[in-house]
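Data first, discussion second: the structure below is written as structure tokens.
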Amino acid sequence: MVRQSDTVRVMLREYVSRHIDDLIETLLRELPAILLTGPRGTGKTTTALRQARTVVRLDREAEAAAFRADPDAALRGLDEPVLLDEWQAVPTVLGAVKRAVDSEPHAGRYILTGSARADLDAQTWPGTGRVVRVPMFGLTVREIDKALGLSPFLDRLAHQADAIEAPRGAPDLRDYVELALRSGFPEPALHLSGSTRERWLDSYVDQLLTRDAGLIGGRRDPERLRRYFEALALNTAGVVDDKTLYDAAGINRKTAIAYERLLRNLLVLEAVPAWTSNRLKRLVRSPKRYLVDPGLVAGVLRLDPRGVLSDGHLLGRMLETFVAAQLRAELPICSVRPRLYHLRQEQGRHEIDLIAELGGGKVLAVEVKADAAPGREASRHLRWLRERLGDRFLVGVLLHTGPRVWRIDERIIAAPICTLWT
């Protein structure tokens with residue numbers, strides 16, 4: 001356990017501002033405790049250090065021992081805000097935070113960070129109503145480019161779609177692939193390049209499937225888990241039958257369910273639910289699975305730009321996974337408070353990559369195309385949804401790899417992927 005010191009402040013000199021910085025400050029001014037959740041290595045601790053006066057690293061046995069023995073006593077008297085890093089290493093600390101907040105509910109007491117969902121799914125989790133969760137993912141291009149003054153893309157799409165403009169020097173297809181493979185993990189995204197970045201991502205996946213999975217999932221066969229993770233990577237951004245995945249991995253249904261739960265608890269796999277409406281018929285109810293960072297796809301499949309560009313099937317999935325990662329990181333700060341879904345009819349007659357549902361049932365629709373100049377036909381699913389939903393359909397956008405923005409039809413535009421961050 002340490003108090004903020006010059007050593008810690010040195011760690012923050014090169015800090016890259018994050019989307020959620022202002023949100024964290026705002027919440028701590030009014031709430032006693034917040035919980036930053038996200039995959040390991042996405043910068044949660046570095047971000048939380050900017051707010052903390054005391055740091056407790058619970059993944060270090062020397063610091064964790066007292067909290068295992070008597071978490072209430074260990075918390076007492078610490079300079080606040082207290083950062084409890086990797087809380088899942090000592091889950092009983094959540095109960096101690098709950099009791100401390102109940103007895104003294106003033107603002108700015110605790111920041112918890114964790115890279116596993118663990119007990120948070122339990123209905124009896126003691127933090128309910130006392131600890132507000134803030135999800136945090138990898139760096140977006142907007143964060144790396146220091147363009148945080150720009151409103152989140154979904155806010156702009158909802159309120160200012162006509163003002164979205166293409167920048168000069170927009171990336172081309174290969175540039176987008178290289179951006180995706182750079183990943184959003186701060187270490188490879190900011191400090192590494194080429195083969196060193198590839199080795200870092202390889203190592204991350206190895207650690208994820210062996211050490212991290214073992215810590216929260218008990219005994220798992222790492223080779224079978226890796227095969228299942230590879231199957232998910234090959235099908236990222238896809239609505240795929242469960243059997244297809246577990247057959248590809250050579251495992252049974254029960255094992256596949258356990259592995260998927262484990263990867264979701266490690267916060268590296270997201271299942272985007274299917275969107276439903278009584279105005280539409282024969283909609284698929286299965287979720288769409290994404291690895292939360294395209295760098296994970298590259299790591300487990302050992303991909304480089306040439307490998308992605310030579311596989312049209314995988315190219316589209318990588319671009320959509322990249323776009324989803326940019327949007328997901330902005331959700332906590334969007335003023336329109338969107339929830340993400342996907343839409344697909346049976347036999348794939350109509351499908352929309354991502355649906356952002358806003359208050360009052362209004363929707364924004366996002367399609368991603370690996371095409372520099374998609375024609376009107378590429379927008380047919382967006383036009384179909386607009387006709388079915390009427391006024392509930394606010395705007396549809398076709399994100400592409402070309403340089404221009406243009407209006408395709410009423411309330412439907414085509415725009416470069418880079419308008420997400422420029």
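Of all residues in the range 159-191, which are aliphatic (A, V, I, L, M) and not in a helix (DSSP H, G or I)?
Step one: list which residues in the range 159-191 are aliphatic (A, V, I, L, M), which gives 161, 163-164, 166, 170, 173, 177, 179-181, 189-190.
Of everything in the range 159-191, those that are aliphatic (A, V, I, L, M) and not in a helix (DSSP H, G or I) turn out to be Ile164, Ala166, Ala170.
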Breaking point among (1) over 20 Å from Ser115 (Cα atoms); (2) touching a residue at least 24 places away in the same chain (Cβ under 8 Å); (3) out of contact with any Leu (no Cβ under 6 Å at 6 or more places or on another chain), for Gly307
(2)
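So, in the range 361-388, of the ones that are part of a helix (DSSP H, G or I) and within 25 Å of the chain's Cα centre (by Cα), which residue ends up nearest to Trp275 (Cα to Cα)?
Kept after step one, since they are part of a helix (DSSP H, G or I), are these residues of the range 361-388: 361, 376-388.
Next, from what is left, pick out any that are within 25 Å of the chain's Cα centre (by Cα): 361, 382.
Values: Gly361: 11, Leu382: 14 Å.
Ranking the qualifying residues of the range 361-388, first place goes to Gly361.
Could you list all residues from the range 258-276 that are touching a residue at least 60 places away in the same chain (Cβ under 8 Å), touching a Leu at 6+ places or on another chain (Cβ under 7 Å) and within 21 Å of His350 (Cβ to Cβ)?
Step one: filter the range 258-276 for residues touching a residue at least 60 places away in the same chain (Cβ under 8 Å), giving 264-268, 272-275.
Narrowing the set further to residues that are touching a Leu at 6+ places or on another chain (Cβ under 7 Å) leaves 266, 268, 272, 274-275.
Val272, Ala274, Trp275 - these are the residues of the range 258-276 that are touching a residue at least 60 places away in the same chain (Cβ under 8 Å), touching a Leu at 6+ places or on another chain (Cβ under 7 Å) and within 21 Å of His350 (Cβ to Cβ).
Which one is surrounded by the fewest Cβ atoms within 10 Å (Cβ to Cβ) among residues in the range 60-82 that are aliphatic (A, V, I, L, M) and touching a Ser or Thr at 6+ places or on another chain (Cβ under 7 Å)? Can you show your working first?
Of the range 60-82, the ones aliphatic (A, V, I, L, M) are 62, 64-66, 69, 73-75, 78, 82.
From what is left, the residues that are touching a Ser or Thr at 6+ places or on another chain (Cβ under 7 Å) are 78, 82.
Details: Leu78: 19, Val82: 21.
If we take residues in the range 60-82 being aliphatic (A, V, I, L, M) and touching a Ser or Thr at 6+ places or on another chain (Cβ under 7 Å), then Leu78 is surrounded by the fewest Cβ atoms within 10 Å (Cβ to Cβ).
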If the Cβ limit is 7 Å and pairs must be 6+ apart or interchain, which residue in the range 42-59 that is in contact (Cβ under 8 Å) with a residue 12 or more places away in the chain and assigned by TED's automatic domain parsing to the domain that holds Arg29 pairs with which residue that is small (Gly, Ala, Ser) and outside any loop (DSSP other than H, G, I, E, B)?
Leu58/Ala64; Leu58/Ala89; Asp59/Ala89
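When you go through Leu398, Leu394, Leu382 one by one, which is the residue that is touching a residue at least 60 places away in the same chain (Cβ under 8 Å), under 17 Å from Leu354 (Cβ atoms), of a type outside the set (Gly, Ala, Ser) and assigned by TED's automatic domain parsing to the domain that holds Gly149?
Working: Leu398 fails: touching a residue at least 60 places away in the same chain (Cβ under 8 Å); Leu382 fails: touching a residue at least 60 places away in the same chain (Cβ under 8 Å).
When all the criteria are applied, what remains is Leu394.
With the structure loaded, tell me whether Glu320 is part of a strand (DSSP E or B), acidic (Asp, Glu) and modelled with pLDDT of 95 or more or whether it fails that test.
No: the conditions fail for Glu320.
Can you tell me which of Val292, Val240 is closer than 20 Å to Glu320 by Cβ, crowded, with 20+ Cβ neighbours inside 10 Å and not polar (S, T, N, Q)? Show your work before the answer.
Details: Val240 fails: crowded, with 20+ Cβ neighbours inside 10 Å.
Checking each option against the conditions leaves just Val292.
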Is it the case that Leu303 is under 22 Å from the mean Cα position of the chain (by Cα), farther than 30 Å from Arg388 by Cβ and part of a loop (DSSP other than H, G, I, E, B)?
yes
Answer yes if at least one residue in the range 341-353 is surrounded by 21 or more Cβ atoms within 10 Å (Cβ to Cβ), within 18 Å of the chain's Cα centre (by Cα) and of a type in the set (A, V, I, L, M, F, W, C), and no otherwise.
no
Tally, over the range 11-60, of residues that are aliphatic (A, V, I, L, M) and part of a strand (DSSP E or B):
6
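Test of understanding: among Arg57, Arg3, Arg53, which residue is exposed (fewer than 15 other Cβ atoms within 10 Å of the Cβ), at pLDDT 95 or above, more than 21 Å from the chain's Cα centre (by Cα) and not aliphatic (A, V, I, L, M)? Before you say what the answer is, go through the steps one by one.
Working: Arg57 fails: exposed (fewer than 15 other Cβ atoms within 10 Å of the Cβ); Arg3 fails: at pLDDT 95 or above.
Unique residue meeting the criteria: Arg53.
Which helices (runs of 4 or more DSSP H) does the range 199-274 wholly contain that include 2 or more residues that are basic (Lys, Arg)? Can you show your working first?
On the way: elements: 213-217, 222-234, 242-249, 253-265.
Ranges flagged: 222-234, 253-265.
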For the range 271-325, which positions are of a type outside the set (D, E, K, R) and touching a His at 6+ places or on another chain (Cβ under 7 Å)?
Val272, Ala274, Trp275
Output the residues belonging to the range 214-229 that are within 13 Å of Ala256 (Cβ to Cβ), in contact (Cβ under 8 Å) with a residue 40 or more places away in the chain and of a type in the set (D, E, K, R).
Arg220
Boolean, Ala414 is in contact (Cβ under 8 Å) with a residue 24 or more places away in the chain, in contact with a Phe, Trp or Tyr (Cβ under 9 Å, 6 or more places away or on another chain) and within 18 Å of Pro171 (Cβ to Cβ)
yes
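The values are calculated or read from the model by the stated rules, or taken from the named source; none is laboratory data. Quick caveat: nothing in here was measured; it's all calculated off a predicted structure. Neighbour counts run over all protein chains shown; Cβ positions are idealised from the backbone, glycine included.
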